[in-house]
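Visitor: Submitted below is the structure of interest, expressed as structure tokens.
Since every read-out is calculated from the coordinates, none of them should be taken as a lab result. Everything numeric in this text was worked out from a predicted model, so none of it was measured. Note: ideal-geometry Cβ built from the backbone for every residue, glycine included; neighbour counts use all protein chains shown.
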Amino acid sequence: MLEPDRDVLKTFGVEVVAPLGGRFNQHWLVNRCGEHLVLRQWSATPNDLEYEAKLLERVYALGWPVPPILERRTDAAGRDWSLSAFLSGEPAADKNSPREQRHRGRLLAEFHLSLATISDLGQRKGWRRGEEILRDATLEPLLIAFERTDADEARVLLWHLERARTLIAPLEPVVRAGIAVHGDFTPWNLLFQDGKLTGILDFELAHSDHRIADFALAWRGQYDEVIRGYSEVAALEVEEWALLTPLWWAQLIEGACRHIRAGVRDDGWTLKMLLRRSTLMGSASSAYG
């Protein structure tokens, strides 16, 4: 991982301590006058940055340990940079254990109760809710054309697209109010110290959606105790249980179709997720094929 441009470091008055990596955005632990901070290079558009910056500001004001943006700059190449507080702590040592899953689910429910009070952000650019994805008439022709490239993958995607549409048809998700969701409420994005939550990281996938859309990467069709823990704090309605699987599949299909349009292939992760089955899926748990 390359270090930031010297001009960027000089502008912020920081020195690099260590690279921290990142999925879309890149991060470095930096030092300024003896204080540890986090420097981020944004891959997002300015509108995308604004959404996340405003969300972090609101969540921080509600008392949650998130890293609000302290300073922002745009370099000579037009790339956006920001400086945030460094949050101490470590992820739970027993990640994805039944105990950790249930605790994370309860924590997510509490977090959602706070997020539901934030109502003025709108939708993040480039994102849409699950029912909007499934209504997209361009997906099926795209996947049919993709059969010429990878028939097996295309057929799995088409089968789950059709099944998700069938499952969602008798429901009315469009009338359900959404909230700002984190998008990646996973063990490695939660920091603890002496048993206390000290950090919620990585809001790169945050957007407006159904609250159960936040189960997508927290549950992954496998970690059922997350959902059980959540329902102990905030009970899910009957329709939400029914929406759980089609909305999860919708996000996976959306990601796969983005890759297809961009000519990018993943390592099989999407198909692995689509083919997972859980007892919590109910009537949606029928096997592919």
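Visitor: Just to confirm a number: summing +1 for Lys and Arg and -1 for Asp and Glu over residues other than residue 86 whose beta-carbon lies under 13 angstrom from that of residue 86, what do you get?
Guide: Working: positive: 32, 40; negative: 35.
Every neighbour counted, the sum reads +1.
Visitor: So, one more: Return one number: the angle in degrees, 0 to 90 and rounded to the nearest 10, between the long axis of the Cα atoms of helix 238-262 and the longest principal axis of the Cα atoms of the chain.
Guide: In the chain, helix 238-262 runs at an angle near 70 degrees to the longest axis.
Visitor: If you take all C-alpha pairs in the range 1-136, what percent of them are over 17 Å apart?
Guide: Beyond 17 Å sits 69 percent of the P(r) for the range 1-136.
Visitor: Can you tell me the length gained on complete extension of the stretch residue 222 to residue 70, counting 0.36 nm per residue apart and subtracting the Cα distance?
Guide: Values: separation 152, 0.36 × 152 = 54.72 nm, distance 3.73 nm.
My answer for the length gained is 51.0 nm.
Visitor: Given a Förster distance of 35 angstrom, what is the FRET efficiency for residue 169 paired with residue 88, based on the Cβ-Cβ distance and rounded to 0.05? Before the final figure, lay out the partial values.
Guide: Numbers: r = 48 Å, r/R0 = 1.37.
Between residue 169 and residue 88 the formula returns 0.15.
Visitor: Which of rounded, prolate, oblate describes the range 69-144, given a ≥ b ≥ c as roots of the alpha-carbon gyration tensor eigenvalues and a/c under 1.5 marking rounded, otherwise prolate only if a/b is larger than b/c?
Guide: Values: a/c = 1.80, a/b = 1.09, b/c = 1.65.
Oblate, since a/c reaches 1.5 and b/c is not below a/b.
Visitor: For a protection proxy built on the mean count of beta-carbon atoms within 10 angstrom, sort 219-230, 154-165 highest first, please. Walk me through the intermediate numbers first.
Guide: Working: 219-230: 21.1, 154-165: 19.1.
Packing order, densest peptide first, comes out as 219-230, 154-165.
Visitor: Okay, next question. Quick check: net charge around residue 96, other residues with Cβ under 15 Å of its Cβ, Lys/Arg +1 and Asp/Glu -1?
Guide: Summing Lys and Arg as +1 and Asp and Glu as -1 gives +2.
Visitor: Related question: Working out 0.36 nm times the residue gap between residue 3 and residue 15, then minus their Cα-Cα distance, what length gain in nm do you get to one decimal?
Guide: Values: separation 12, 0.36 × 12 = 4.32 nm, distance 1.01 nm.
Computed gain between residue 3 and residue 15 is 3.3 nm.
Visitor: Could the peptides 6-12, 54-60, 271-277 be put in order, highest first, of the mean number of other beta-carbon atoms found within 10 Å of their residues?
Guide: Working: 6-12: 14.4, 54-60: 18.1, 271-277: 16.3.
In decreasing order of mean packing, 6-12, 54-60, 271-277 become 54-60, 271-277, 6-12.
Visitor: Of all alpha-carbon pairs in the chain, indicate the percentage at a distance above 36 angstrom. Intermediate results must be reported in sequence, preceding the final value.
Guide: On the way: 8215 of 41616 pairs.
That fraction is 20 percent.
Visitor: Could I ask something else about it? What order do you get for 65-71, 232-238 when each peptide is scored by the mean count of other beta carbon atoms within 10 Å, highest first? Spell out each step's value before the answer.
Guide: Details: 65-71: 17.1, 232-238: 12.3.
The densest-packed peptide leads the list: 65-71, 232-238.
Visitor: Points 7 angstrom from Cα along the Cβ direction at residue 149 and residue 258: gap in nanometres?
Guide: Using points 7 Å along Cα→Cβ, the separation is 1.6 nm.
Visitor: Looking only at the range 110-140, which residues have a backbone nitrogen under 19 Å from a spot 7 Å from the Cα of residue 159 in the C-beta direction?
Guide: Only 140 pass the distance filter.
Visitor: Okay, next question. Could you give the alpha-carbon Rg of the range 6-85 over 2.2 N^0.38 Å, rounded to two decimals?
Guide: Values: Rg = 12.5 Å, N = 80, 2.2 N^0.38 = 11.6 Å.
Cα-based Rg divided by the globular estimate yields 1.07.
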